[in-house]
1. Could you tell me what percent of the accessible area of the chain is made up of carbon and sulfur, with a 1.4 Å probe and every protein chain present?
2. Of the peptides 159-168, 235-244, 274-283, how do they stack up when ordered by the mean number of other Cβ atoms within 10 Å, highest first?
3. Taking every eigenvalue of the Cα gyration tensor of the stretch 206-301, multiplying by 5 and rooting it, what semi-axes result, largest first, whole Å?
4. For the chain, what does the accessible surface come to per residue with a 1.4 Å probe? Please give it in Å².
5. Between Tyr77 and Leu42, with labels modelled 7 Å along Cα→Cβ, what's the label distance in nm to one decimal, could you check?
6. Distance check, please: which entries in Lys107/Lys258; Lys9/Lys119; Lys133/Lys258 exceed 28 angstrom between their Cα atoms?
7. Under a point spin-label approximation (7 Å from Cα along Cα-to-Cβ), what is the Tyr135-Lys119 distance to one decimal in nm?
8. Which order do the peptides 144-150, 104-110, 189-195, 121-127 come out in when sorted by mean C-beta neighbours inside 10 angstrom, highest first?
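The values are calculated or read from the model by the stated rules, or taken from the named source; none is laboratory data. Since the model is a prediction, treat every value here as computed from it, not as a measurement. Please note: Cβ atoms are built from the backbone with ideal geometry, for glycine as well, and neighbour counts cover all protein chains shown. Protein only, heavy atoms only, side chains kept; ligands, DNA and RNA dropped before computing areas. Shrake-Rupley method; radii C 1.70, N 1.55, O 1.52, S 1.80 Å.
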Amino acid sequence: MHHRYTSRKIPFVSILKWHFSKLFSHQSARPSQLPLIPQNDLPSGEYALWLGHATLWLKMGETTLAIDPVFGDLPLYRRYSPLPIPKEKLFADVILITHAHYDHYDKASVLYLLRQNPKTIIVAPNGFWRYLKGYIDRERCFELEWWESVMVGGLFITLVPSLHWSNRTYLDMNKALWGGYVVQNAEHTLYHSGDTAYGEHFKEIRERFEINEAFLPIGAYRPEAIMKHVHISPPEALKAADDLGAKVLIPIHYGTFKLSDEPVDEPIEWFEHLATSASHSFQPHPLRIGEIYRLKRLVSK
(Lines give C-alpha, C1' and ligand atoms only; values in the text may rest on other atoms or scores of the structure.)
Protein backbone atom coordinates (compact mmCIF):
# COMPACT_ATOMS: atom_id res chain seq x y z
CA MET A 1 0.00 0.00 0.00
CA HIS A 2 1.36 3.40 -0.95
CA HIS A 3 -0.50 6.65 -0.56
CA ARG A 4 0.31 10.30 0.00
CA TYR A 5 -0.17 9.55 3.70
CA THR A 6 2.65 6.98 3.55
CA SER A 7 5.99 8.04 5.01
CA ARG A 8 8.89 8.29 2.60
CA LYS A 9 10.81 5.02 2.51
CA ILE A 10 14.17 5.29 4.26
CA PRO A 11 17.03 3.60 2.37
CA PHE A 12 18.18 0.47 4.17
CA VAL A 13 21.80 1.65 4.02
CA SER A 14 20.86 4.79 6.00
CA ILE A 15 19.24 2.70 8.71
CA LEU A 16 22.24 0.34 8.75
CA LYS A 17 24.66 3.25 9.14
CA TRP A 18 22.59 4.66 11.99
CA HIS A 19 22.56 1.38 13.91
CA PHE A 20 26.25 0.84 13.23
CA SER A 21 27.08 4.31 14.58
CA LYS A 22 25.24 3.49 17.81
CA LEU A 23 27.77 0.73 18.48
CA PHE A 24 30.42 3.43 18.96
CA SER A 25 28.20 5.88 20.80
CA HIS A 26 29.04 6.63 24.42
CA GLN A 27 25.67 8.09 25.36
CA SER A 28 24.61 7.05 28.82
CA ALA A 29 21.11 5.67 29.08
CA ARG A 30 20.11 7.60 32.20
CA PRO A 31 16.64 6.95 33.63
CA SER A 32 13.93 9.45 32.94
CA GLN A 33 13.82 12.34 35.41
CA LEU A 34 10.24 13.23 34.52
CA PRO A 35 7.92 13.82 37.48
CA LEU A 36 5.24 11.19 37.85
CA ILE A 37 1.92 11.38 39.68
CA PRO A 38 0.85 7.97 40.99
CA GLN A 39 -2.85 7.15 40.86
CA ASN A 40 -4.49 4.46 42.96
CA ASP A 41 -7.46 4.13 40.65
CA LEU A 42 -9.04 5.64 37.56
CA PRO A 43 -10.54 9.05 38.36
CA SER A 44 -14.23 9.84 38.57
CA GLY A 45 -15.90 12.26 36.19
CA GLU A 46 -14.68 13.14 32.70
CA TYR A 47 -10.93 13.25 32.20
CA ALA A 48 -7.89 12.53 30.10
CA LEU A 49 -5.12 10.60 31.84
CA TRP A 50 -1.70 10.25 30.21
CA LEU A 51 0.06 7.00 31.21
CA GLY A 52 3.29 7.64 29.30
CA HIS A 53 4.39 7.36 25.65
CA ALA A 54 1.23 7.36 23.48
CA THR A 55 -1.04 5.69 26.04
CA LEU A 56 -4.06 7.81 26.88
CA TRP A 57 -7.09 6.98 29.04
CA LEU A 58 -10.27 9.00 28.50
CA LYS A 59 -13.64 9.18 30.19
CA MET A 60 -16.18 10.99 28.02
CA GLY A 61 -19.80 10.78 29.03
CA GLU A 62 -20.29 7.29 30.41
CA THR A 63 -17.61 5.66 28.25
CA THR A 64 -14.06 4.79 29.31
CA LEU A 65 -11.73 4.70 26.35
CA ALA A 66 -8.07 3.66 26.02
CA ILE A 67 -5.80 4.71 23.15
CA ASP A 68 -2.69 2.63 22.36
CA PRO A 69 -2.47 0.93 25.78
CA VAL A 70 1.09 -0.16 26.67
CA PHE A 71 1.76 -1.26 30.25
CA GLY A 72 5.33 -2.60 30.37
CA ASP A 73 8.52 -3.17 28.42
CA LEU A 74 8.61 -3.74 24.66
CA PRO A 75 10.73 -6.10 22.59
CA LEU A 76 14.26 -4.55 22.65
CA TYR A 77 13.07 -1.47 24.61
CA ARG A 78 12.67 -1.22 28.35
CA ARG A 79 10.29 1.21 29.97
CA TYR A 80 12.06 4.20 31.57
CA SER A 81 9.07 5.65 33.43
CA PRO A 82 6.84 3.28 35.40
CA LEU A 83 3.15 2.89 34.77
CA PRO A 84 1.58 5.48 37.10
CA ILE A 85 -1.45 3.33 37.99
CA PRO A 86 -1.66 -0.37 38.86
CA LYS A 87 -2.71 -2.17 35.70
CA GLU A 88 -5.24 -4.12 37.78
CA LYS A 89 -7.15 -0.83 38.09
CA LEU A 90 -7.30 -0.22 34.35
CA PHE A 91 -10.56 -0.86 32.55
CA ALA A 92 -11.82 0.16 29.11
CA ASP A 93 -15.15 0.02 27.32
CA VAL A 94 -13.43 0.90 24.03
CA ILE A 95 -9.84 0.50 22.85
CA LEU A 96 -8.50 2.57 19.95
CA ILE A 97 -5.36 1.33 18.21
CA THR A 98 -3.57 3.77 15.90
CA HIS A 99 -1.28 1.30 14.10
CA ALA A 100 0.54 -2.01 14.42
CA HIS A 101 3.99 -0.89 15.64
CA TYR A 102 4.94 -2.53 18.91
CA ASP A 103 5.03 0.69 20.94
CA HIS A 104 1.41 1.42 19.97
CA TYR A 105 -0.15 -2.04 19.65
CA ASP A 106 1.16 -3.99 22.62
CA LYS A 107 -0.64 -7.29 22.28
CA ALA A 108 -0.16 -8.35 25.90
CA SER A 109 -1.69 -5.11 27.21
CA VAL A 110 -4.67 -5.30 24.85
CA LEU A 111 -5.35 -8.94 25.73
CA TYR A 112 -5.16 -8.07 29.42
CA LEU A 113 -7.86 -5.42 28.98
CA LEU A 114 -10.01 -7.86 27.02
CA ARG A 115 -9.81 -10.31 29.91
CA GLN A 116 -10.74 -7.53 32.33
CA ASN A 117 -13.81 -6.65 30.28
CA PRO A 118 -14.98 -9.25 27.74
CA LYS A 119 -17.44 -6.69 26.34
CA THR A 120 -14.69 -4.27 25.29
CA ILE A 121 -14.96 -2.95 21.73
CA ILE A 122 -11.86 -2.33 19.61
CA VAL A 123 -11.62 0.32 16.90
CA ALA A 124 -8.62 0.00 14.58
CA PRO A 125 -7.47 0.94 11.08
CA ASN A 126 -8.64 -1.13 8.14
CA GLY A 127 -6.77 -4.42 7.83
CA PHE A 128 -5.99 -4.66 11.56
CA TRP A 129 -8.23 -7.66 12.11
CA ARG A 130 -5.29 -9.87 11.03
CA TYR A 131 -3.66 -9.13 14.41
CA LEU A 132 -6.78 -9.78 16.52
CA LYS A 133 -8.19 -13.00 15.06
CA GLY A 134 -8.95 -15.49 17.77
CA TYR A 135 -8.78 -12.90 20.54
CA ILE A 136 -11.97 -10.90 20.04
CA ASP A 137 -15.25 -11.59 18.26
CA ARG A 138 -15.28 -10.06 14.79
CA GLU A 139 -18.41 -8.04 15.52
CA ARG A 140 -16.62 -6.26 18.40
CA CYS A 141 -13.75 -5.06 16.21
CA PHE A 142 -14.51 -2.09 13.96
CA GLU A 143 -12.00 -1.44 11.16
CA LEU A 144 -12.04 2.05 9.68
CA GLU A 145 -10.73 3.66 6.52
CA TRP A 146 -9.29 7.18 6.71
CA TRP A 147 -12.11 9.69 7.39
CA GLU A 148 -14.52 6.86 8.22
CA SER A 149 -16.44 7.07 11.53
CA VAL A 150 -18.24 4.81 13.98
CA MET A 151 -20.53 5.61 16.92
CA VAL A 152 -19.58 3.61 20.02
CA GLY A 153 -20.68 4.21 23.60
CA GLY A 154 -22.12 7.60 22.74
CA LEU A 155 -18.84 8.71 21.15
CA PHE A 156 -18.35 9.60 17.49
CA ILE A 157 -14.93 8.19 16.55
CA THR A 158 -13.19 9.03 13.26
CA LEU A 159 -9.95 7.58 11.92
CA VAL A 160 -7.95 10.45 10.42
CA PRO A 161 -4.74 10.20 8.37
CA SER A 162 -1.23 10.39 9.72
CA LEU A 163 1.99 10.48 7.73
CA HIS A 164 3.49 7.17 8.79
CA TRP A 165 3.32 3.44 8.03
CA SER A 166 2.37 0.18 9.77
CA ASN A 167 3.78 -3.30 10.23
CA ARG A 168 4.80 -5.94 12.79
CA THR A 169 7.24 -7.90 10.58
CA TYR A 170 8.81 -7.53 7.14
CA LEU A 171 6.01 -9.69 5.73
CA ASP A 172 3.05 -7.45 6.63
CA MET A 173 4.33 -4.03 5.59
CA ASN A 174 1.34 -1.67 5.28
CA LYS A 175 -1.16 -4.53 5.13
CA ALA A 176 -3.17 -2.51 7.66
CA LEU A 177 -3.74 1.24 7.67
CA TRP A 178 -2.45 3.66 10.31
CA GLY A 179 -3.71 6.99 11.58
CA GLY A 180 -4.93 9.12 14.43
CA TYR A 181 -8.39 9.52 15.97
CA VAL A 182 -10.83 12.34 16.51
CA VAL A 183 -13.16 11.47 19.40
CA GLN A 184 -16.32 13.54 19.86
CA ASN A 185 -19.40 13.86 22.00
CA ALA A 186 -21.83 16.75 22.31
CA GLU A 187 -19.44 18.78 24.48
CA HIS A 188 -15.95 17.92 23.33
CA THR A 189 -13.68 17.06 20.40
CA LEU A 190 -10.27 15.51 21.05
CA TYR A 191 -7.54 14.48 18.63
CA HIS A 192 -4.80 11.87 19.16
CA SER A 193 -2.44 11.79 16.20
CA GLY A 194 -0.78 8.42 16.71
CA ASP A 195 2.67 8.44 15.12
CA THR A 196 3.11 10.96 12.32
CA ALA A 197 5.57 13.09 10.43
CA TYR A 198 4.66 16.69 9.68
CA GLY A 199 2.33 17.08 6.71
CA GLU A 200 -0.72 18.67 5.15
CA HIS A 201 -3.07 16.25 6.92
CA PHE A 202 -3.18 18.55 9.96
CA LYS A 203 -4.79 21.31 7.89
CA GLU A 204 -7.15 18.75 6.34
CA ILE A 205 -8.28 17.68 9.81
CA ARG A 206 -8.94 21.33 10.72
CA GLU A 207 -11.26 21.63 7.71
CA ARG A 208 -13.48 18.89 9.16
CA PHE A 209 -13.24 19.30 12.93
CA GLU A 210 -12.99 21.96 15.60
CA ILE A 211 -10.37 20.46 17.91
CA ASN A 212 -10.39 21.22 21.64
CA GLU A 213 -7.33 19.22 22.74
CA ALA A 214 -4.67 17.89 20.39
CA PHE A 215 -2.48 15.14 21.83
CA LEU A 216 0.62 15.32 19.64
CA PRO A 217 3.93 13.42 19.78
CA ILE A 218 7.15 15.32 20.42
CA GLY A 219 9.76 12.55 20.80
CA ALA A 220 11.85 10.19 18.64
CA TYR A 221 13.19 12.80 16.19
CA ARG A 222 16.93 11.99 15.96
CA PRO A 223 18.74 11.34 13.70
CA GLU A 224 16.71 13.94 11.81
CA ALA A 225 17.59 12.56 8.36
CA ILE A 226 15.67 9.39 9.24
CA MET A 227 13.14 10.41 11.87
CA LYS A 228 11.74 13.53 10.15
CA HIS A 229 9.96 11.21 7.73
CA VAL A 230 8.08 9.35 10.47
CA HIS A 231 7.83 11.55 13.61
CA ILE A 232 7.46 15.21 14.55
CA SER A 233 9.82 17.21 16.74
CA PRO A 234 8.75 19.77 19.37
CA PRO A 235 8.78 22.75 16.93
CA GLU A 236 6.83 20.70 14.39
CA ALA A 237 4.27 19.77 17.06
CA LEU A 238 3.72 23.47 17.77
CA LYS A 239 3.31 24.12 14.06
CA ALA A 240 0.92 21.18 13.75
CA ALA A 241 -1.25 22.48 16.61
CA ASP A 242 -1.50 25.81 14.83
CA ASP A 243 -2.45 24.04 11.58
CA LEU A 244 -5.12 22.11 13.46
CA GLY A 245 -6.60 25.22 15.03
CA ALA A 246 -6.52 23.37 18.36
CA LYS A 247 -7.36 25.19 21.59
CA VAL A 248 -4.91 23.14 23.68
CA LEU A 249 -1.76 21.19 22.74
CA ILE A 250 -0.81 18.34 25.07
CA PRO A 251 2.53 16.71 24.18
CA ILE A 252 2.93 12.91 24.36
CA HIS A 253 5.26 10.20 22.99
CA TYR A 254 8.35 10.98 25.07
CA GLY A 255 10.03 10.07 28.35
CA THR A 256 8.93 6.43 28.37
CA PHE A 257 10.90 4.52 25.71
CA LYS A 258 14.20 5.53 24.14
CA LEU A 259 13.41 4.86 20.49
CA SER A 260 15.92 7.28 18.97
CA ASP A 261 19.12 9.20 19.65
CA GLU A 262 18.00 12.19 21.75
CA PRO A 263 18.18 11.92 25.55
CA VAL A 264 14.95 10.58 26.99
CA ASP A 265 13.90 13.89 28.63
CA GLU A 266 15.13 16.26 25.92
CA PRO A 267 11.81 16.48 23.99
CA ILE A 268 9.85 18.03 26.85
CA GLU A 269 12.71 20.35 27.81
CA TRP A 270 12.86 21.62 24.22
CA PHE A 271 9.06 21.85 24.01
CA GLU A 272 8.74 23.88 27.21
CA HIS A 273 11.46 26.27 26.07
CA LEU A 274 9.67 26.86 22.76
CA ALA A 275 6.25 27.09 24.43
CA THR A 276 7.34 29.83 26.82
CA SER A 277 9.56 31.82 24.45
CA ALA A 278 6.76 32.90 22.09
CA SER A 279 2.99 33.38 22.06
CA HIS A 280 0.78 30.82 20.36
CA SER A 281 -2.75 30.59 19.01
CA PHE A 282 -3.35 27.68 21.41
CA GLN A 283 -2.50 26.82 25.00
CA PRO A 284 0.53 24.52 25.39
CA HIS A 285 -0.31 22.25 28.33
CA PRO A 286 2.32 19.61 29.19
CA LEU A 287 1.12 16.88 31.53
CA ARG A 288 3.14 14.90 34.02
CA ILE A 289 2.81 11.15 33.57
CA GLY A 290 -0.22 10.14 35.60
CA GLU A 291 -1.63 13.68 35.73
CA ILE A 292 -5.40 14.08 35.39
CA TYR A 293 -6.63 16.57 32.80
CA ARG A 294 -10.24 17.64 33.32
CA LEU A 295 -12.11 17.95 30.02
CA LYS A 296 -14.78 20.30 31.38
CA ARG A 297 -12.11 22.90 32.15
CA LEU A 298 -12.24 24.46 28.68
CA VAL A 299 -14.54 27.32 27.77
CA SER A 300 -15.54 27.30 24.11
CA LYS A 301 -14.75 30.39 22.09
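1. 54
2. Highest to lowest by the protection proxy: 159-168, 235-244, 274-283.
3. In descending order the semi-axes read 23, 15, 12 Å.
4. Working: 13480 Å² over 301 residues.
Here the residues of the chain average 45 Å² of exposed surface.
5. 2.5
6. Violating the 28 Å Cα-Cα cut-off are Lys9/Lys119; Lys133/Lys258.
7. 2.2
8. My ranking of the peptides, most packed first, is 189-195, 121-127, 104-110, 144-150.
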